[in-house]
Amino acid sequence: MTHRSVARIVGILFIVATVSFSLSVIILEPVLSAPNLLALVSRVQGQVSVGILLELVNHIAIVSISVLIYPVLKPFSERLALGYVVARSIEAVLFAIATMHLLDLIDLSHEFVAAGSPSPSYFHTLGNALLAGHDWNSAPFAFIAFSLGSLILNYALYQTRLVPRWISVFGLLAAASILTARLMLLYGLELSSNTMAILDGPIFLQEMIFAVWLIFKGFDRSVLPAEAIPANK
């Protein structure tokens with residue numbers, strides 16, 4: 001596979017990861033924020049299942065990105081290339097654990113309905129625990145892994161000049177912003193939804209700019225090792 005092909009596929013996967021994540025939030029948020037959570041989940045299991053599938057697509061895409069870009073970064077720094085794979089793999093595992101809580105929530109909702117929807121009951125306590133385990137804003141370690149991976153990638157891109165430096169500088173600043181937000185949450189600081197949007201928003205914008213650049217421009221051929229460029233190109 002040529003570096004041009006890798007660039008296109010990585011760019012597409014960045015878009016797939018972002019779109020699948022965004023759609024999962026749109027689909028799941030009205031259900032997971034409802035007061036009658038367990039009864040509603042049982043009624044709209046199909047909707048929840050679609051959300052789960054979209055989350056799993058996101059997890060697979062982010063690991064695939066790191067694996068595909070590894071051989072591109074390796075000639076410049078094997079340590080950074082491997083570090084990016086490790087960071088994104090840890091991120092995917094942590095997010096996948098959160099997603100698995102939704103599968104448990106579906107099973108719990110069926111048991112809740114079968115038991116005659118008792119209230120109050122341990123069903124609600126367990127349901128709230130599963131919901132908290134899935135809540136993205138309550139999963140700082142997964143987002144810390146995400147931000148560290150983004151810092152590694154954009155630092156490598158800055159050093160290698162595989163893409164214009166303004167893209168990698170934007171990525172470094174955006175990754176630092178989302179890392180700051182999750183560290184604040186980790187230490188018990190309350191952040192409003194508007195504050196979270198301001199701190200999280202830049203990384204999604206930067207990744208879409210990076211993705212479009214890779215799809216239409218690719219990596220800078222002038223900095224790639226000579227043997228990495230096919231002779232017929």
Checking the structure you have, find out if any residue of the range 92-112 is out of contact with any Gly (no Cβ under 6 Å at 6 or more places or on another chain), farther than 15 Å from SER150 by Cβ and not in a helix (DSSP H, G or I). no
Can you tell which of LEU153, LEU131, LEU185 is part of a helix (DSSP H, G or I), free of Cβ contacts under 8 Å to residues at least 60 places away in the same chain and among the aliphatic types (A, V, I, L, M)? LEU185
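Going residue by residue through the range 139-149, is there one that turns out to be closer than 21 Å to VAL86 by Cα, outside any helix (DSSP H, G or I) and not polar (S, T, N, Q)? Break it down into steps so the answer makes sense when it comes.
Looking only at the range 139-149, we keep the residues that are closer than 21 Å to VAL86 by Cα, and these are 139-149.
Going one step further and asking which of them are outside any helix (DSSP H, G or I), we end up with 139.
Filter again for not polar (S, T, N, Q), leaving 139.
Yes, the range 139-149 contains a residue that is closer than 21 Å to VAL86 by Cα, outside any helix (DSSP H, G or I) and not polar (S, T, N, Q).
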Could you tell me whether any residue of the range 68-87 is at pLDDT below 95, in a helix (DSSP H, G or I) and of a type in the set (Gly, Ala, Ser)? no
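For (1) of a type outside the set (A, V, I, L, M); (2) modelled with pLDDT of 80 or more, each residue gets a yes or a no:
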{"site": "ALA96", "(1), (2)": "no, yes"}
{"site": "HIS101", "(1), (2)": "yes, yes"}
{"site": "ILE106", "(1), (2)": "no, yes"}
{"site": "GLY133", "(1), (2)": "yes, no"}
{"site": "ALA145", "(1), (2)": "no, yes"}
Output the number of residues of the range 164-177 satisfying the condition of being surrounded by 22 or more Cβ atoms within 10 Å (Cβ to Cβ) and aliphatic (A, V, I, L, M). 2
I'd like to check something: does the range 104-122 contain any residue that is touching a Ser or Thr at 6+ places or on another chain (Cβ under 7 Å), among the polar types (S, T, N, Q) and under 18 Å from PHE143 (Cβ atoms)? no
Looking only at residues that are aliphatic (A, V, I, L, M) and in contact (Cβ under 8 Å) with a residue 60 or more places away in the chain in the range 202-218, which one is surrounded by the most Cβ atoms within 10 Å (Cβ to Cβ)? LEU214
Which one of these does TYR70 not meet: (1) buried (at least 19 other Cβ atoms within 10 Å of the Cβ); (2) hydroxyl-bearing (Ser, Thr, Tyr); (3) without any contact (Cβ under 8 Å) to a residue 24 or more places away in the chain? (1)
By residue number, the members of the range 156-182 that are touching a residue at least 40 places away in the same chain (Cβ under 8 Å) and farther than 19 Å from GLU78 by Cβ are VAL163, PRO164, ILE167, ARG182
Cβ-Cβ under 6 Å, sequence separation 6+ or interchain: first residue in the range 25-41 and under 15 Å from ILE106 (Cα atoms) and modelled with pLDDT under 90, partner buried (at least 19 other Cβ atoms within 10 Å of the Cβ) and among the polar types (S, T, N, Q). Which pairs? LEU38/SER109; VAL41/SER109
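Could you pull out the residue among SER192, SER89, SER147, SER121 that is of a type outside the set (A, V, I, L, M, F, W, C), touching a Leu at 6+ places or on another chain (Cβ under 7 Å) and on the phi < 0 side of the Ramachandran plot?
Working: SER192 fails: touching a Leu at 6+ places or on another chain (Cβ under 7 Å); SER89 fails: touching a Leu at 6+ places or on another chain (Cβ under 7 Å); SER121 fails: touching a Leu at 6+ places or on another chain (Cβ under 7 Å).
After ruling out the rest, the residue left standing is SER147.
The values are calculated or read from the model by the stated rules, or taken from the named source; none is laboratory data. Keep in mind it's a predicted model, so treat the numbers as computed, not measured. Ideal geometry is used to build each Cβ from the backbone, glycine not excepted, and the neighbour counts take in all protein chains shown.
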